[in-house]
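Below is one structure, written out as structure tokens, with a few remarks after it.
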Amino acid sequence: MPTNSSPPLLDNDDNEQHMPSSSSRKGTISSGRLNMLCSMVGGGTLSVPLAFHKLGNIGLAPVLLVSIALSSTFSMNAIYKASRHITGGQQKTYESMASTAFGGIGKYIGILLVSPYCFFGATAYAVLIRDIIKPLSDLLDGSGGATITGTDIGSTEGSSSMSVTSNLLMMLVILLATPLCTLRTYTALKNFSFLAIISISVLTLIVTYRSIECHVTSEEARASLRSHITFFPASVGDFLLYCPVIITSYICHFNVLPVVEELREGGERNVSYMNRSTVGVASVIYLVMGLFGSVHGNCTGGVVSGNILLDFGDDDVLVTIGRACLGLKLTLAFPLLVIPPRDIILRFWNERCNLCSRRKNEEECDLAQCLLIDDESGNTFPIGEMDVSNASSNNSDMVVEAGEDSWKGRVIVAVAFFWTSG
């Protein structure tokens, strides 16, 4: 009987053994792409026009953008391929990958790399949201519509003028985003991620429209346009300073494995397609924002700010809509920064409590029942899928069924991590 020697499109058999539950595998290529895009395209988009302006907006900058896009796609695919070498029924996580590659110490290195990045990323988003809503807080304070100018990203100037109202509004946004950070899977976020991508796309179109409008309506702007089209950076210092802006715009690698783990139809070809299309859409957004945002500096006396929104007046209704879209996008992106470290922390404590549960007469095991579930066969499961309320303990043996209270661990860790970062 003839056999087909071509490799299968979907290698789901690879994924069956390490998935905690088949019910969690509800993701599709489309949902995975949306979630990856939402975590990749964020507040850094506002700085891309400045990077293009300094690196050469029709020369080196687009070349760097494409090169880094290709490198990011390669590295995302490499992460998936490396994860397939994990054996023994382990869930494919960054900790298990690092542990397989570098031994026990690798697991802790993986935790220390992912968690702080997500923590400070969430902090940066919270600060940016506070800056965006400052005009609203000024209005509520009765300060006559003080402008947001002077609160540039990465600058401490103007921070002293931040009112209690600004901080309270920021905390309100964090509170509203918290339920999303307690969801069990990434796939449940797909509709929110879609709305976030639409929001950042609207902002990009608004900046593009204002840039084109300026040059169409102003003869002076058209006459001086050529001087704002550049091919190369003015100095090596500019290259070293602004190249990282483009590099960091493609970071979403901490979500690659969690997203892949939820795909119904995994496999190298499908995952590669998801990664390529994710980076491709992000590159289009960056290219349009970078080119038209940098050229808009021709309409502002040659100045391109690190936050492109600062180059527009607060009385510009269209740009105000763009600011609102950005705020919505950042709010909806919070879960994609909170869920990775949340799950890492839960897995870590599960492992620790698993060790405890295997020891006889350990009093700490009673306290750790909410952190570990160990069935009679010795299998361990993520706390997010178990119900400790149905636990029964006999000495150090614990049997816990899946049930309604599985959200408790996720809520506790998500709130502690998210509210601390905000």
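The values are calculated or read from the model by the stated rules, or taken from the named source; none is laboratory data. Note that the structure is a prediction, hence the values are computed from the model and not measured. Cβ: placed from backbone, ideal geometry, glycine included. Neighbour counts: every protein chain shown. We work out accessible area using only protein heavy atoms, side chains counted, and drop any ligands, DNA or RNA first. Shrake-Rupley method; radii C 1.70, N 1.55, O 1.52, S 1.80 Å.
Structural remarks
- Charge-dipole axis of region 82-139 as Lys and Arg at +1 and Asp and Glu at -1 on Cβ define it, positive-most pick from 82, 127, 117: 82
- Taking amide H as placed 1.01 Å from N in the peptide plane, residue 57 has its amide H under 5 Å from the amide H of 230, each at least 5 places away in sequence or on another chain.
- Cα shape, region 205-244, gyration tensor, a/c 1.5 rule: oblate
- ³J(HN,Hα), Karplus 6.51/-1.76/1.60, whole Hz, each residue of region 48-56, x for Gly, Pro: 4, x, 5, 4, 5, 4, 7, 9, x
- Protection proxy ranking of 130-137, 221-228 - average other beta-carbon atoms within 10 Å, highest first: 130-137, 221-228
- Here the Karplus curve 6.51 cos²θ - 1.76 cosθ + 1.60, taken at θ = phi - 60°, turns the phi angles of region 278-283 into couplings of 4, 5, x, 5, 4, 5 Hz, with x standing for Gly and Pro.
- For residue 92, nonlocal amide neighbours, meaning residues 5 or more places apart or on other chains whose placed amide H falls under 5 Å from its own, do not occur.
- Accessible surface, region 168-325, averaged per residue in Å² (probe 1.4 Å): 46
- Centre separation in Å (Cα based) which lies between region 180-230 and region 265-296: 14
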